[in-house]
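One structure is given here, and the rest of the page talks about it.
Nothing in this text is a laboratory measurement; each read-out follows from the coordinates by a stated rule. No experiment lies behind these values; they were computed from the predicted model shown. Virtual Cβ from ideal backbone geometry, glycine too; neighbours counted across all protein chains shown.
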Amino acid sequence: MKILIPYLHDDGGLELSFPMNVDYTKQIFSHTSEDGQVRHYYVNKLHQMAMDLFIPQRLINVDLDHAKYLITNGGIEPPHLARITQQQLLRPGIIVDFGANQLMVDGGHRYIKLWMLKYSPMTVFWFTEEQAKKALLAFPNEYKPGA
């Protein structure tokens, strides 16, 4: 059995492709909220939107409680942490603000590395939920007509 994976084209089109046809620089972040809603964000598109739309940057404190949360729930991998360079620590993360809570869509590993090095704060692009919707992907098995 061959496994097909979703691939986002530069024009916004989505297709299922074999892994050899995929540009792995196109990073996707998936999140399941407490109410069971699954969201897939095209991270590279969010970074491009941040530049094109002048999305505001904010400084967030790097703190122990959020570091513990990311280590427990954020898929933080030690080999990835070890590869992060000082230069990469300067790249802003991405946060989506849902009003009552926020979601770090990009930058979790950098956040932990900053915490390990006792550096604070971290720069992030701060998206509203409405702005970030433009970077959502709908995978075929989750697609609901009219949604």
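Here are the numbers for the structure shown:
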| item | result |
| --- | --- |
| Proxy reagent accessibility, fewest Cβ within 10 Å first, across MET104, MET116 | MET116, MET104 |
| Interchain or long-range residues, amide H under 5 Å from VAL62's placed H | MET122 |
| Order of TYR42, TYR111 under a 10 Å beta carbon neighbour criterion, fewest first | TYR42, TYR111 |
| Under Karplus coefficients 6.51, -1.76 and 1.60, residue-wise ³J(HN,Hα) of segment 97-104 in Hz, glycine/proline x | 9, 9, x, 6, 8, 10, 10, 7 |
| Ranked by how many other beta carbons lie within 10 Å on average, peptides 123-132, 76-85 from highest | 123-132, 76-85 |
| Net charge of neighbours whose Cβ lies under 11 Å from the Cβ of MET122, counting Lys and Arg as +1 and Asp and Glu as -1 | +3 |
